[in-house]
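Visitor: Before anything else, here's the structure in question.
The values are calculated or read from the model by the stated rules, or taken from the named source; none is laboratory data. Computed from a predicted structure; not experimentally measured. Heads up, the Cβs are rebuilt from the backbone with ideal geometry, glycines too, and the neighbour counts pull from every protein chain shown.
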Amino acid sequence: MNSSGSILMISERRQHRSQGLKAQILIVRAFAFREGLTVRIAPPISEEAADRYARIKRRIERRGSRLDENDVWIAATSLSLGAILVTADSDFQRVRGLTLEDWVEENSR
């Protein structure tokens, strides 16, 4: 079974890059349809989320700590939206200003 990443790779191999993003998306969707897949195009990352990402990453590194790359993006996006992050992952507690809820812990009481 092909993944959407594989379909994007096919598009790259066939050198559809020069056709622009909208054309690439249509090509990818056509391949996905043929393969019986659904393709969801992620919205672009906001400037605020990117800025938050950079600040979180810098603070974590300054402390000599580590946070998974995807977790940094999740935290940055949550902060930029002013959203509550629902997670049982205690690593997020290292991100200052992030509002967390752990529904797993709440349900185990």
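Visitor: Just the residues that are of a type in the set (A, V, I, L, M) and surrounded by 16 or more Cβ atoms within 10 Å (Cβ to Cβ), please, taken from region 40-98.
Guide: Step one: list which residues in region 40-98 are of a type in the set (A, V, I, L, M), which gives 41-42, 45, 49-50, 54, 56, 60, 67, 72, 74-76, 79, 81, 83-86, 88, 95, 98.
Matches in region 40-98: A49, I56, I60, L67, V72, I74, A75, A76, L79, L85, V95, L98.
Visitor: Turning to a different aspect of this structure: Starting from region 44-55, keep only residues that are under 11 Å from L81 (Cα atoms), then list their pairs with residues that are surrounded by 13 or more Cβ atoms within 10 Å (Cβ to Cβ) and among the small types (G, A, S) whose Cβ atoms are within a distance under 6 Å, requiring at least 6 positions of separation or different chains.
Guide: Every condition considered, the pairs that remain are S46/S80; E48/S80; A49/A76; A49/S80; R52/A76; R52/S80.
Listed here are the residues, each with its yes/no results for (1) of a type in the set (F, W, Y); (2) at pLDDT 90 or above; (3) outside any helix (DSSP H, G or I).
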position	(1), (2), (3)
A30	no, no, no
T38	no, no, yes
Y53	yes, yes, no
D71	no, yes, no
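Visitor: What is the number of the single condition among (1) in contact with an Asp or Glu (Cβ under 8 Å, 6 or more places away or on another chain); (2) modelled with pLDDT of 95 or more that N2 does not meet?
Guide: (2)
Visitor: Could you list, in sequence order, all residues of region 73-90 that are not polar (S, T, N, Q) and not in a helix (DSSP H, G or I)?
Guide: The initial filter retains those residues of region 73-90 that are not polar (S, T, N, Q), namely 73-76, 79, 81-86, 88-89.
Hits for region 73-90 are G82, A83, I84, L85, V86, A88, D89.
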